[in-house]
1. If the chain between Q135 and V121 were fully stretched, how many nm would it gain, using 0.36 nm times the residue separation less the Cα-Cα distance?
2. Looking at the chain only, what percent of DSSP beta bridges run antiparallel? Nearest 5 please.
3. If each residue of separation counts as 0.36 nm, what is the full-extension length gain between I163 and I47 once their alpha-carbon separation is subtracted?
4. Run the dipole for the range 4-88 about the Cα centre, Lys and Arg Cβ at +1, Asp and Glu Cβ at -1, nothing else charged, and hand back the magnitude in debye, nearest 20.
5. Give the average over all directions of the projected area of the C-alpha convex hull of the chain, one decimal, in nm².
6. Quick one: the Cα spread of the range 99-161 along its three principal axes, in angstroms, biggest first?
7. Output needed: percent of Cα pairs per 10 Å distance bin for the range 1-73, bins running from 0 to the one holding the longest distance.
8. I'd like the distance between the alpha-carbon centres of the range 104-126 and the range 6-83, rounded to an integer number of Å.
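Derivation of every value follows stated rules applied to the coordinates shown; laboratory data play no part. The structure displayed is predicted, hence computed values, not measured ones. FYI the Cβ positions are ideal-geometry reconstructions off the backbone, even for glycines, and counts take in every protein chain you see.
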Amino acid sequence: MEELLQIGIITSTHGIRGQVKVFPTTDDPRRYDDLETVLLGDQENRITMTVEAVQYFKQFVILKFKGYDSINDVEKYKGCSLYVTREQAVPLEEDEYFIADLIGLAVICEDGKNLGIVKDVLTTGANDVYVVEDQRGKEILLPAIKECILSVNLKERQIRVHIMDGLLD
């Protein structure tokens, strides 16, 4: 399992006082209110940033990092991802999972047939959709609903599913 969880991507600077505009990649943008620090960069090269201020603007989060007080200080971070550790992550409810933990899981039908591997998770208004790639490279879209997803076992790295009528057509 990934030790770091992505919570946003810096899209641009905001104003001239060192603020950045972040596109949140979390289902709860208000989770930024409780952040003291974030990790900025990629999985290999990261720096810890202290969050000084948080604002919300449309679908974006505006962040101000402590010690970064001008546009010149933050301009180089455009396009960088923001991460938190699992300890900083929002607690999950029952039957909730981090997308990073689902990617790469084997998808097994209830009859034991190997359907493929989870390649992505699409978040929609009604329910998430698991994008599964089969052995031929074809994508299968599975709705993340109880009628379709029977169980998720992170330790065994697999998801058991029921294929509803019409899903493979």
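1. Length gained between Q135 and V121: 3.2 nm.
2. Here the share of antiparallel DSSP bridges comes out near 90 percent.
3. Result for the pair: 37.4 nm of gain on full extension.
4. Charge dipole of the range 4-88: 260 debye, to the nearest 20.
5. Hull-based average projected area comes out at 11.4 nm².
6. For the range 99-161, the Cα spread along each principal axis is 30, 23, 21 Å.
7. Computed distribution, short to long bins: 19, 56, 23, 1.
8. After rounding, the separation between the Cα centres reads 32 Å.
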